[in-house]
Structures are given as structure tokens and as C-alpha cells.
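The block underneath contains the structure these notes are about, expressed in C-alpha cells.
Taken together, the values in this text are just the output of simple stated rules run on the coordinates, not laboratory data. Predicted, not measured: the structure shown is a model, and the values here were computed from it. Note: ideal-geometry Cβ built from the backbone for every residue, glycine included; neighbour counts use all protein chains shown.
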């Protein structure tokens, strides 16, 4: 019979005791979405795009994101919207999007770059696909072609098709 040193035996017993005592603690995901503040502030936005017949069409907030697909209104949240002038004078817009679900999503975005009169300064951009992993953040970004004409923008987001 082989003899096992007492220190090895004690280490093995201690390790087994520690492994047996490990408890798993559920961790809450960092990404948690609350849609209530968005619903409460929607009517207080200042810059708005008005139709020629205001009573027939709703106003649209300018310089922000409009989620145009009701199917993702409780799945995707806009965390931030940014706009800046590039070194060449064009406008670059970006929208940080949060996937509030436990499964991957595909969304698409496009941008209307508008002049001072709230008319298209250039044709609307093509739809660009953005992949959103579960409970994660991704960014939609676009640049204008025009330099001085762009004063406002409106980003549209819909579910990817």
C-alpha cells in the first residue's frame, strides 16, 4: 500500500470541501431597458417636423431617431443620438441602439438630411443593416454628401427584412 503524505491528503480534502461549497449566484444583465421615460418625454421635444396639414399628420421630432416599426418598439431602445461636422464639412450622425431582448436582432436605419426649410438637402440614404446581439449595444452611423445645406436630420429605424 502506498503512503500519501498528510499534506497532500489535507489539501485534497480542503479542495473537495471548497468545490462542494461553491454556490452559483444569478447575475443580472447589465443591459436593462426602461421605456417609461421615453413615453413621458416624447411630447416635450422642441424641434419638430410639421406637415403642411398639421391636423392630418403627426409631427416628427427632428435631430433624433424615429422607430418606424411597431414590432420593435419594445425590443430596441435608442441610448444616444450624436451629430457632428466632419473635417470636410459633411454631417455625420450616429445612433447608439440597445437590444433589450435575450435574442439577436437585425434592424435597418436610414437618414433624411434636411436643410433649414426642413426639405431634403439630398436624397434619403439607403437602408443600412445593423446587427444587435442579445442585451448588447450597436451603432448606426451615416454621413451626408452635402456640406453647408444640411441643418437637420431624421434617422428612421425599422426591423431588418
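Return 88, 111 ranked ascending by Cβ neighbour count within 10 Å, so the fewest neighbours appear first. Could the numbers behind the result be given before it?
Values: 88 7, 111 26.
Ranking 88, 111 by Cβ neighbours within 10 Å, fewest first, gives 88, 111.
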- [ ] Take the alpha carbon atoms of the range 93-134, find their center, do the same for the range 141-158, and report the distance between the two centers in whole angstrom.
- [x] 10
Task: Fully extended contour minus Cα-Cα distance, from residue 128 to residue 69, at 0.36 nm per residue - done: 19.7 nm
Open item on the list: Can you give me the distance in nm between label points at residue 106 and residue 159, each placed 7 Å from the Cα along the Cα-to-Cβ direction?
Closed with: 1.3
TODO: For a footprinting-style exposure proxy, rank 161, 67 by other Cβ within 10 Å, fewest first.
DONE: 161, 67
